[in-house]
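S.K.: Have a look at this one before I ask anything.
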Amino acid sequence: MSDPTVLFVDDEADLREVARQTLDLAGLKAAVFADAEEALSHVSRNFEGILVTDIRMAGMDGLTLMSRCLEIDPAFPIILVTGHGDVDLAVQSMRDGAYDFMEKPYEPARLVETIRRALDKRRLTLENRALRREVGRRDAIEVRLGGRSPAMIAIRQQIRAVAETEADVLITGATGTGKEVAARALHRASARAEAPFVAINCAALPRDMIESELFGHEAGAFPGAQRARYGRFEHARGGTIFLDEIDSLEMGVQAKLLHAIQNREITRLGSNEMIPLDVRFIAASKRDLETAAAEGAFRSDLLYRLNVVTIRMPPLSDRREDIPKLFLQLVDEAAGRYKRPTPDIPGAVLSTLAARSWPGNVRELRNAAERFALGLDPDLAGNTGTAGAETLAGRVAEFEKGLLAAAIAAEGGRLRPVYESLGLSRKALYEKMQRHGLAREDFLEADDDGPDGSKT
């Protein structure tokens, strides 16, 4: 955090100069103003300093300045300087949000002490806000991209690291793996979180209108263009543009997109005026773009611009241990949407799900959860498939891992009913969990306390 600034406003030049010297001697960085409007231009929600202002001034007075500042940030510390006759007014102003007031003439030491206390309050306010934002961003990533598999832990770590930068991102993965979900999580964890997230499915754009949709057009740019229109890129100013199925764009549009990404500017159809673009680009594709570039179906220079950072979303088959808990969450969400009670899910169903093949990945699992919540597929017994491992031993290990994870999830992390129902000793269950990388803590419900899942 940079050194805080004290904004000192008074229309008397002598008082401004005394204040400047006093604060300078105290080692406080100060900016003095004769005009309230000029001081107001420095105030923002993230401004790290405070305001000291006289009440009686020509033009905008101190109370109006205080009101305008508190509209910007209700927690902004403001110290009012009053004449003898304004004490009652200053006391009322403290009820209205002023931090403190000082009556003229005041001791320089008291001014410095009051300012230091106000600066400490401002520092704590900004630190708490930053902490809440950071916690909120972490929560947003956890909620959107849950799971305790190594693959998902790595994805979340990567997103947190990338979110702190302005780097453009390429997200790859098979259909249904959650590419848009990851893009939205990245946006929510970034400094652009309060700005628009504009998702564009490039494959769904009409070919004859694609440039107008992306870049906008001026009136008369083509038949039917009766008035100017913002494109999707302009709507995303300050935020994030998500280009899904980017490989479906024609080469000519790819060239214009390359220019937009490289120069951060666009030109509407029918215009020669360059429009600056403050956005982050996130692109996604289920196709291998390096192969597409080698085959001449995708511009290699565009690929190099997009893949500053590449996030590869894993298929559901690579994180089977997440399936039981993810399914429980999806069923609960679906039941809430349909205003139905959440149905009980037997451990046998969860173990079937963990061993089943999911070519449609999370999207297919979500559809299964929707049907289960509606009572349309209560057993989920069909199409158990295999775990996809290459050897019998591998298949058996994957099935055992899925069965254990399903049973632990069904019992909310309570291990005693798990090893009793599976006919195992407690030691055998612990050894199998350790072998498969399963941790009881990942399945615990809020009221579980005992070391083996029993109540203490």
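The values are calculated or read from the model by the stated rules, or taken from the named source; none is laboratory data. For clarity, every value in this text was computed on a predicted model and none was experimentally measured. With ideal geometry, Cβ positions are generated from the backbone for all residues, glycine too; neighbour counts draw on all protein chains shown.
S.K.: So Leu365 fits all but one of (1) modelled with pLDDT of 85 or more; (2) buried (at least 18 other Cβ atoms within 10 Å of the Cβ); (3) in a loop (DSSP other than H, G, I, E, B); what number is the exception?
M.R.: That leaves (3) as the condition not met.
S.K.: Filtering segment 6-32 down to residues that are in contact (Cβ under 8 Å) with a residue 60 or more places away in the chain and in a loop (DSSP other than H, G, I, E, B), which residue is surrounded by the most Cβ atoms within 10 Å (Cβ to Cβ)?
M.R.: Among residues in segment 6-32 that are in contact (Cβ under 8 Å) with a residue 60 or more places away in the chain and in a loop (DSSP other than H, G, I, E, B), the one surrounded by the most Cβ atoms within 10 Å (Cβ to Cβ) is Asp10.
S.K.: Still on this structure, please answer the following. Restricting to segment 284-309, and then to whatever is assigned to a strand (DSSP E or B) and of a type outside the set (Ser, Thr, Tyr), can you tell me which residue is surrounded by the most Cβ atoms within 10 Å (Cβ to Cβ)?
M.R.: Taking segment 284-309 first, the residues assigned to a strand (DSSP E or B) are 284-285, 309.
Pick out the ones that are also of a type outside the set (Ser, Thr, Tyr) and you get 284, 309.
Numbers: Ala284: 26, Val309: 17.
Top of the filtered list is Ala284.
S.K.: Next question. Looking at (1) part of a helix (DSSP H, G or I); (2) more than 17 Å from Ala118 (Cα to Cα); (3) aliphatic (A, V, I, L, M), find the lone condition where Ala58 falls short.
M.R.: With respect to (1) part of a helix (DSSP H, G or I); (2) more than 17 Å from Ala118 (Cα to Cα); (3) aliphatic (A, V, I, L, M), Ala58 is out only on (1).
S.K.: If only one of Gly220, Gly224, Gly270 is in contact with an Asp or Glu (Cβ under 8 Å, 6 or more places away or on another chain) and either crowded, with 20+ Cβ neighbours inside 10 Å or more than 24 Å from Tyr304 (Cα to Cα) (or both), which one is it? Break it down stepwise before answering.
M.R.: On the way: Gly220 fails: in contact with an Asp or Glu (Cβ under 8 Å, 6 or more places away or on another chain); Gly224 fails: in contact with an Asp or Glu (Cβ under 8 Å, 6 or more places away or on another chain).
The unique qualifying residue is Gly270.
S.K.: Any residue in segment 4-23 that is of a type in the set (Gly, Ala, Ser) and farther than 20 Å from Lys121 by Cα? Quick ask: steps written out before the conclusion?
M.R.: Residues of segment 4-23 of a type in the set (Gly, Ala, Ser): 13, 19.
Next, only the ones that are farther than 20 Å from Lys121 by Cα stay: 13, 19.
Taking every residue of segment 4-23 in turn, at least one turns out to be of a type in the set (Gly, Ala, Ser) and farther than 20 Å from Lys121 by Cα.
S.K.: Check Gly97, Gly85, Gly49 and return the single one that is within 25 Å of Glu17 (Cβ to Cβ), at pLDDT below 90 and among the small types (Gly, Ala, Ser). Can you show your working first?
M.R.: Numbers: Gly97 fails: within 25 Å of Glu17 (Cβ to Cβ); Gly49 fails: at pLDDT below 90.
Criteria check complete, one pass: Gly85.
S.K.: Another question, then. Here's a check for you: in segment 237-246, which residue that is in contact with an Asp or Glu (Cβ under 9 Å, 6 or more places away or on another chain) and at pLDDT 90 or above is farthest from Lys286 (Cα to Cα)?
M.R.: Checking each candidate, the answer is Gly238.
S.K.: Taking the condition of being in a helix (DSSP H, G or I) and under 12 Å from Arg440 (Cβ atoms), how many residues in segment 411-427 meet it?
M.R.: Quick first cut of segment 411-427, residues in a helix (DSSP H, G or I) only: 416-421, 426-427.
Still in the running and under 12 Å from Arg440 (Cβ atoms): 416, 418-419, 426.
The qualifying residues number 4.
S.K.: Just to be sure, is Ala31 assigned by TED's automatic domain parsing to the domain that holds Met102, on the phi < 0 side of the Ramachandran plot, at pLDDT 90 or above and among the hydrophobic types (A, V, I, L, M, F, W, C)?
M.R.: Numbers: assigned by TED's automatic domain parsing to the domain that holds Met102: yes; on the phi < 0 side of the Ramachandran plot: yes; at pLDDT 90 or above: yes; among the hydrophobic types (A, V, I, L, M, F, W, C): yes.
Criteria met by Ala31.
S.K.: Check whether at least one residue in segment 237-257 is among the hydrophobic types (A, V, I, L, M, F, W, C), buried (at least 18 other Cβ atoms within 10 Å of the Cβ) and closer than 30 Å to Ala130 by Cβ, and report yes or no.
M.R.: For segment 237-257, residues among the hydrophobic types (A, V, I, L, M, F, W, C), buried (at least 18 other Cβ atoms within 10 Å of the Cβ) and closer than 30 Å to Ala130 by Cβ: present.
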